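Have a look at the structure below before the remarks.
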Amino acid sequence: MASFNHFCNIVPLNIRGLASKLDDVKGVISKDKFQIFCLTETLIHKDEKYKFYEIPGYDIIRRDTAEKV
């Protein structure tokens, strides 16, 4: 049986508004190369383009919450 000596670095972070903290997030990511970096409560409007939030080497997978009526 094969031996696996690899670990996956996953970081979950409740950011409560990404726009004002984007530089901090980029700094953390560039310092510690995480495989998966999960952000919740980014407060990005569903119609907002996420091009501004792109980080080289990472894919954005986005799931907006349903709007409250």
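The values are calculated or read from the model by the stated rules, or taken from the named source; none is laboratory data. Since the structure is predicted, the reported quantities are computational estimates derived from the model, not experimental observations. Counting neighbours? That spans all protein chains shown, and the Cβs are built from the backbone with ideal geometry, glycine included. Heavy atoms of the whole protein, side chains included, go into the accessibility calculation; ligands, DNA and RNA do not. Shrake-Rupley method; radii C 1.70, N 1.55, O 1.52, S 1.80 Å.
Here are a few things to note about the model shown:
- The chain, accessible area per residue, ligands and nucleic acids excluded (1.4 Å, Å²): 92
- Within segment 25-53, backbone nitrogen closer than 18 Å to the virtual label 7 Å beyond the Cα of Phe7 toward Cβ: 29, 31-38
- Each Lys and Arg Cβ is given +1 and each Asp and Glu Cβ -1; about its Cα centre, the chain then shows a dipole of about 40 debye.
- Accessible carbon and sulfur surface of the chain relative to its total accessible area, %, 1.4 Å: 56
- Taking Cα atoms only, the orientation of helix 22-31 departs from the longest principal axis of the chain by about 10 degrees.
- Estimated 222 nm signal from helices in the chain, with DSSP H stretches of n ≥ 4 weighted -39500 (n - 2.57), rounded to 500: -4500 deg cm²/dmol
- Near the amide H of Val11, within less than 5 Å, lie the amide hydrogens of Ile36, Phe37, Cys38, all on another chain or at least 5 residues away, with H placed in the peptide plane.
- For segment 10-69, dividing the convex hull volume of the Cα atoms by the residue count gives 91 Å³ per residue.
- Sum of side-chain charges, Leu18 neighbourhood, beta-carbon under 15 Å (Lys, Arg +1; Asp, Glu -1): +2
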